[in-house]
Amino acid sequence: MGRRQNDPEATHCSPLVLLLVGLASCALVYAALCVVLKPNEASSFSELESLELVEEGGGVGVEGESGACCRGTENLELWGAAVKWGSEFKFNSSEQCCKACKAMCTGTDGPCLCDSWVFCGNKEACGSKFGECWLKKQKDTLAPERQEVGETVSWTSGLIFGRGEGIVGLETKYGTLHIKLLPDCAPHSVAYILELLALRHCAGCQFYRAERRGSSWDSEGNHIKNAPFGPPFALVQGTLDAQGVIFKKIPTEVCPTIRRGSVAWIGSGPEFFISLANHEEWKKEYTVFASVLPEDMNIAEKIAQLPTTADVWNSINVSVLEKPVPLFLRRMKTSHGDLTVNMKSN
């Protein structure tokens with residue numbers, strides 16, 4: 001993605017002209033962000049709309065600093081064994097309830113004492129239950145037990161994946177990319193991934209675009225001073241549009257600065273990309289729902305080295321894989337210690 005050059009004569013313009021130029025620049029930057037990750041309508045692929053590295057606790061710094069995300073899904077009541085009874089444990093907001101669950105999931109050994117929370121925050125609908133915060137423990141965090149879901153449900157629920165939890169595999173012929181899901185930052189996105197995981201197939205899911213870091217970013221994803229911002233744009237792009245699944249657009253969730261390893265939706269999905277570099281120039285335009293574990297980035301780099309053909313999407317030069325790479329979602333068996341040890345697929 002190119003950077004707009006500043007006009008040296010702009011300093012002589014009147015304030016009104018500067019304002020107009022600024023507005024026009026913002027519009028052009030937004031348009032550029034959209035087209036870099038979107039093929040033209042004539043493309044053989046569906047029209048596309050277009051994280052920081054995974055932390056030990058699984059959070060990204062957007063709504064504050066690292067680990068500050070605390071979001072849930074409205075009109076959803078998760079079931080599970082209660083570790084804190086809501087009738088005796090009340091808060092003023094779902095965020096406070098979420099943080100109470102997180103506080104029970106900070107250890108480095110053993111599973112979290114709390115991995116899900118349920119909050120009643122609608123005074124009229126909740127009545128005497130208003131403010132109740134139920135902290136719960138799921139039998140299977142990748143297949144949480146639902147009690148009720150729908151517009152008539154007054155509860156808001158969320159998941160917390162602790163150290164070594166919430167890791168799924170994107171399996172390809174070149175290796176398996178282990179990704180850490182971020183339900184506290186992107187609950188709707190993670191719910192879709194868990195839905196795909198339950199299918200035990202992902203027919204139609206694939207990578208179809210691959211672009212190297214080139215000479216613009218170093219091996220750690222840092223941008224090299226004075227180098228262009230692409231092309232190539234340092235990413236691998238694909239779709240998670242599985243056959244047999246009716247896809248519903250995913251709402252915009254937490255959009256941090258894109259970092260090396262970020263897994264993010266393009267627009268409302270199901271098109272997504274894995275970033276091979278830190279893309280601060282992309283601002284905060286994309287919902288990040290996962291991050292690739294650092295030691296697996298070599299697999300993404302390997303895919304980026306595959307043969308490609310040149311194409312043009314809305315005046316942007318892109319590289320499309322000669323042969324798309326199918327991918328499959330896999331449950332992972334992990335230890336409760338280090339995120340990266342004892343990892344095996346079912």
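Find the accessible area per residue for segment 76-159; the probe is 1.4 Å, ligands and nucleic acids are left out, and the unit is Å². That works out to 55 Å² for each residue.
Quick one: compute the contact order of segment 167-331, relative version, from alpha carbon pairs under 8 angstrom and 6+ residues apart, as a percent. Rounded, it is 33 percent for segment 167-331.
Could you rank the peptides 129-140, 146-157 by their average count of other C-beta atoms within 10 Å per residue, with the highest value first? Write out the running numbers ahead of the final one.
Details: 129-140: 18.8, 146-157: 16.2.
Order by mean packing, descending: 129-140, 146-157.
Stretched out straight at 0.36 nm per residue, the stretch from Arg200 to Asn222 would grow longer than its current Cα-Cα span by 4.3 nm. Is any residue of segment 155-170 close enough, with backbone N under 15 Å, to a label point placed 7 angstrom from the Cα of Thr106 along the Cα-Cβ axis, and if so, which? Label zone hits: 162-163. Restricting attention to segment 167-331, lysine pairs at least eight places apart or on different chains and with alpha-carbon atoms under 30 angstrom apart total 22. Extension gain, Trp85-Ser315: 0.36 nm per intervening residue step, less the Cα-Cα distance, totals 77.1 nm.
For segment 182-266, what's the relative contact order in percent, using C-alpha pairs closer than 8 Å and at least 6 residues apart?
The value is 34 percent.
Most tightly packed first, judged by the mean number of other beta-carbon atoms within 10 Å of their residues, the peptides 191-201, 169-179 read 169-179, 191-201. Since only Ser93, Cys133, Ala103 are under comparison, the one whose Cα sits farthest along the positive direction of the charge dipole of segment 76-159, derived from C-beta charges on Lys, Arg, Asp and Glu, is Ala103. Straight-line cross-link partners of Lys137 among the lysines, defined as a Cα under 17 Å from its Cα and at least 8 positions apart when in the same chain: Lys84, Lys99, Lys102. Taking 0.36 nm per residue of separation and subtracting the Cα-Cα distance, full extension of the segment from Arg331 to Lys302 would add 8.2 nm. For segment 167-331, which whole percent of the accessible surface, found with a 1.4 angstrom probe, sits on carbon and sulfur atoms? After summing per-atom areas, the C and S share lands at 49 percent.
Of the accessible area of segment 76-159, with the probe set at 1.4 angstrom, what percent is carbon plus sulfur?
49 percent
The mean accessible area for residues of segment 167-331, using a 1.4 Å probe and ignoring ligands and nucleic acids, is 38 Å² per residue.
The values are calculated or read from the model by the stated rules, or taken from the named source; none is laboratory data. Source: prediction; values computed, not measured. Backbone-built Cβ (ideal geometry, glycine too); neighbour counts: all protein chains shown. The accessibility values were calculated without ligands, DNA or RNA, using every heavy atom of the protein model including side chains. Shrake-Rupley method; radii C 1.70, N 1.55, O 1.52, S 1.80 Å.
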